[in-house]
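A.B. asks: So that we are looking at the same thing, I have put the structure below in structure tokens.
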Amino acid sequence: MVQSLFDRHRMWLAIGIALTTAAALFGISQLRLEDDLRGLLQGSADDFAMVDRVAERFGTHDRDCIVRADAHEGDILAPAAISELRRLCDELRELEGIDEVHSLLDVRRTGMLGGLLTAVPRGYDQEDDPEVLTAVRARLESNPLIAGTLLSSDATSTIIQLRLAADVAEPRQLPHVLPGIEAVLDRYATTGPLSFELTGMPALRLEAVRSLRRDILLFNSIGVAVAVVLSAVAARSWRATLLASLPPIVGALWATGLLALFDVPINMLTCIVPSLAMVVGTCDSIHFIEDMRRSTRRGVDP
């Protein structure tokens, strides 16, 4: 009955397949890659509730990039390292898309002089008096906003906070902003006494999207290749291979398009759906080819 139904309505069946494939292709063009890492990590633990309360009171950190600076030799408090750090912060402030740059150079002194003087004096970059250097070092290591927060306990590492502008912190704008920051950090790392590492929520979100895109292309390409090879081994003719390998590919295409049409973002969990459809489709196609062969040997008309 089903066979006779397909025989009578092949044209409508072909039109339906074409329309479904066109809808899937349109959906793929609107595909969203999920860059919200909180969706994967969110839980009922008290830590997440505390993060939400802090975000409600002080704002979220979705726009904040963190630059970790490490000294190649010595420590961060050496005049040459401080000079390099100051030049880097000044250049980062000039980059388009960055609203604020904060580092230990911006922290004020404790006590009455805090309203006028910073913890790191302006002339510290060219200072060579050991007593002055020792006094400044002691001041920084005792400042509660610097010690253990902006400066590591061994004074070999510090962090710089970059706050992106609201209009460039969107996922679509991050690929145009973060590479500029990375280029500046790479240039300073190759010519100066410090090395740098960029992190923070915007950088992690961009890296998550890059990894997702790379994994989708890699594993789906491998899946297509494996499906064709297995179909060729089982079918042993180019027509049967085409017949066996085409349905899994179409199935993976439809699965991806369906996710996009229903506005389901692709994340680290749902990116396996196209590969899963291809695995199931390949198994079904190979069984279908074997059934066709057995039927032909029994005398059934092809």
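A.B. asks: If I ask for residues that are farther than 22 Å from V229 by Cα and open to solvent by less than 30 Å² (accessible area, probe 1.4 Å), which ones from segment 273-302 would you list?
C.D. replies: S295
A.B. asks: For segment 276-302, what are the residues that are over 35 Å from the mean Cα position of the chain (by Cα) and polar (S, T, N, Q)?
C.D. replies: S285, S295, T296
A.B. asks: Can you tell me which condition S211 does not meet? The list is (1) without any contact (Cβ under 8 Å) to a residue 60 or more places away in the chain; (2) within 30 Å of T158 (Cα to Cα); (3) open to solvent by 60 Å² or more (accessible area, probe 1.4 Å), and all the others hold.
C.D. replies: Among (1) without any contact (Cβ under 8 Å) to a residue 60 or more places away in the chain; (2) within 30 Å of T158 (Cα to Cα); (3) open to solvent by 60 Å² or more (accessible area, probe 1.4 Å), S211 violates only (3).
A.B. asks: Here is a further query. Which of the residues belonging to segment 156-177 are surrounded by 15 or more Cβ atoms within 10 Å (Cβ to Cβ), outside any helix (DSSP H, G or I) and modelled with pLDDT under 85?
C.D. replies: Those that are surrounded by 15 or more Cβ atoms within 10 Å (Cβ to Cβ), outside any helix (DSSP H, G or I) and modelled with pLDDT under 85: V168, A169, P171, Q173.
A.B. asks: Examine segment 125-134 for a residue that is open to solvent by less than 70 Å² (accessible area, probe 1.4 Å), touching a residue at least 12 places away in the same chain (Cβ under 8 Å), under 21 Å from T199 (Cβ atoms) and assigned to a loop (DSSP other than H, G, I, E, B), and state whether such a residue exists.
C.D. replies: The answer is no, given that none of the residues of segment 125-134 is open to solvent by less than 70 Å² (accessible area, probe 1.4 Å), touching a residue at least 12 places away in the same chain (Cβ under 8 Å), under 21 Å from T199 (Cβ atoms) and assigned to a loop (DSSP other than H, G, I, E, B).
A.B. asks: On to the next question. Quick one: how many residues across segment 234-272 are assigned to a loop (DSSP other than H, G, I, E, B) and surrounded by fewer than 17 Cβ atoms within 10 Å (Cβ to Cβ)?
C.D. replies: Going through segment 234-272 one residue at a time, the tally reaches 8.
A.B. asks: Go over the candidates S142, S153 one by one and state the one that is closer than 21 Å to I66 by Cα, at pLDDT 80 or above and open to solvent by 40 Å² or more (accessible area, probe 1.4 Å).
C.D. replies: On the way: S142 fails: closer than 21 Å to I66 by Cα.
It is S153.
A.B. asks: Are any residues in segment 90-106 outside any helix (DSSP H, G or I), within 20 Å of L140 (Cα to Cα) and open to solvent by less than 20 Å² (accessible area, probe 1.4 Å), and if so, which ones?
C.D. replies: V101, S103
A.B. asks: Could you list, in sequence order, all residues of segment 16-35 that are in a helix (DSSP H, G or I) and open to solvent by 70 Å² or more (accessible area, probe 1.4 Å)?
C.D. replies: I17, L19, L25, F26, S29
A.B. asks: Provide a single number: the residues in segment 53-89 that are open to solvent by 70 Å² or more (accessible area, probe 1.4 Å) and under 12 Å from L105 (Cβ atoms).
C.D. replies: Going through segment 53-89 one residue at a time, the tally reaches 1.
A.B. asks: Related question: Going by the conditions given, is G281 without any contact (Cβ under 8 Å) to a residue 12 or more places away in the chain and either in contact with a strand residue (DSSP E or B) (Cβ under 7 Å, 6 or more places away or on another chain) or not charged (D, E, K, R) (or both)? Break it down into steps so the answer makes sense when it comes.
C.D. replies: On the way: without any contact (Cβ under 8 Å) to a residue 12 or more places away in the chain: no; either in contact with a strand residue (DSSP E or B) (Cβ under 7 Å, 6 or more places away or on another chain) or not charged (D, E, K, R) (or both): yes.
Considered against the rule, which asks whether it is without any contact (Cβ under 8 Å) to a residue 12 or more places away in the chain and either in contact with a strand residue (DSSP E or B) (Cβ under 7 Å, 6 or more places away or on another chain) or not charged (D, E, K, R) (or both), G281 comes out as no.
Conditions tested, residue by residue: (1) aliphatic (A, V, I, L, M); (2) under 15 Å from the mean Cα position of the chain (by Cα); (3) closer than 16 Å to C89 by Cβ.
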| site | (1), (2), (3) |
| --- | --- |
| Q161 | no, no, yes |
| A165 | yes, no, no |
| V168 | yes, no, no |
| L178 | yes, yes, no |
| L185 | yes, no, yes |
| A189 | yes, no, yes |
| G192 | no, no, yes |
| L198 | yes, yes, yes |
| R205 | no, yes, no |
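A.B. asks: Give the residue, chosen from L104, L113, L41, L37, that is modelled with pLDDT of 85 or more and out of contact with any Pro (no Cβ under 7 Å at 6 or more places or on another chain).
C.D. replies: Answer to the check: L104.
A.B. asks: Still on this structure, I have one more. Could you grab me the full set of residues in segment 123-181 that are of a type in the set (S, T, N, Q) and touching a Ser or Thr at 6+ places or on another chain (Cβ under 9 Å)?
C.D. replies: Residues satisfying the conditions are Q126, S142, N143, S152, T158, Q161.
A.B. asks: Out of (1) at pLDDT 80 or above; (2) surrounded by fewer than 12 Cβ atoms within 10 Å (Cβ to Cβ), what's the single condition that is false for T118?
C.D. replies: Tallying (1) at pLDDT 80 or above; (2) surrounded by fewer than 12 Cβ atoms within 10 Å (Cβ to Cβ), T118 fails exactly one: (2).
The values are calculated or read from the model by the stated rules, or taken from the named source; none is laboratory data. Source: prediction; values computed, not measured. Cβ coordinates were reconstructed from backbone atoms using ideal geometry, including for glycine residues, and neighbour counts include every protein chain displayed. Heavy atoms of the whole protein, side chains included, go into the accessibility calculation; ligands, DNA and RNA do not. Shrake-Rupley method; radii C 1.70, N 1.55, O 1.52, S 1.80 Å.
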